[in-house]
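Worksheet for the structure shown next.
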Amino acid sequence: MHNKKYLLLINSTVAFILAAIIAITLHETAHLIAGKMLRLDAIFYPTAVDFGKNSSVNDSVITALAGPLFSLIFGLLLIRFGRNWGKGFRRLLWLWLGYISAQIGFGYFLIAYFAPQGDTGLVLKLLSAPAYAYVSLFLMGLFGMIWLARMFAGQAIRYTNDANSLRQIGLFAWIVGTGILLVIYTAASRNVPTQVVPTILAGVGTVGIFTPMLTFFYKKLHAPYEDLKLSFPYAQLAIVAFVSTVVIGILATGMKF
């Protein structure tokens, strides 16, 4: 019999990893779909979509914006409507998928000035945007991240009945999950240009950066306790292993569209 805190940690960690892989893949798929709608040839990687050097400035702006905007809108919709979807592990998966997706969107706003090779940084550079555009996006990203932390805290306390359990479902799951994701996406980035790898890994490493900030809010929040009735996630671990193998072994080589 596994104790509840251990089950919270392992289930939340596996859900975090799987949700992050899904969110990152959907983000890149949004880039791909935008490019194909513009009739651009593309090579799809787990962390990037290469449209070559022949796309116009307008095409580059549209394809670059498609990823962050999709992630943000998709994540916010899940946060709003998906908070009670599923039971047990599925509840945690939807939880993480919504917040990680939204953080990817807000995160690109936050780093626009510091990462000119990132989606939003590239758009602002291509448009020769003024300084206030960078500042505005930074503030939107910052306040968005803080808002996510507040909302995530309100959701997480529903499934915990003490501070230690809250750390299992949030902080510790984030730390362990982020470490595993960095290993996966380091291996998956071997075929993308070297100069963009630091930006990619920084993005992967911060998909759950709002999580530790829940400690600022959880003591002020109250919600009825809900037992998720978790069991050891054998099947979900197998799915994560399979998906990781696909990301590292197949998608990392680049798929032409």
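The numbers here are math on the coordinates, done by the rules we state, and not lab data. All figures in this text were calculated on a predicted structure; none of them were measured in a lab. Glycine also receives a Cβ, built like all others from the backbone with ideal geometry; neighbour counts cover every protein chain displayed.
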Here is a list: 179, 208. Which entry is outside any helix (DSSP H, G or I) and either surrounded by fewer than 21 Cβ atoms within 10 Å (Cβ to Cβ) or touching a residue at least 60 places away in the same chain (Cβ under 8 Å) (or both)? 208
Being under 17 Å from residue 193 (Cα atoms), without any contact (Cβ under 8 Å) to a residue 40 or more places away in the chain and assigned to a helix (DSSP H, G or I) is the filter here, so list the residues in segment 23-68 that pass it. 28
Any residue in segment 6-23 that is more than 30 Å from residue 163 (Cβ to Cβ), crowded, with 22+ Cβ neighbours inside 10 Å and touching a Phe, Trp or Tyr at 6+ places or on another chain (Cβ under 6 Å)? no
Does residue 218 qualify as being more than 15 Å from the chain's Cα centre (by Cα) and either of a type in the set (Lys, Arg) or surrounded by 16 or more Cβ atoms within 10 Å (Cβ to Cβ) (or both)? yes
Looking only at residues in segment 78-87 that are free of Cβ contacts under 8 Å to residues at least 12 places away in the same chain and hydrophobic (A, V, I, L, M, F, W, C), which one is farthest from residue 8 (Cα to Cα)? 81
Could you check segment 88-157 for helices (runs of 4 or more DSSP H) lying wholly inside it with 2 or more residues that are polar (S, T, N, Q), in contact (Cβ under 8 Å) with a residue 24 or more places away in the chain and crowded, with 22+ Cβ neighbours inside 10 Å? 89-110
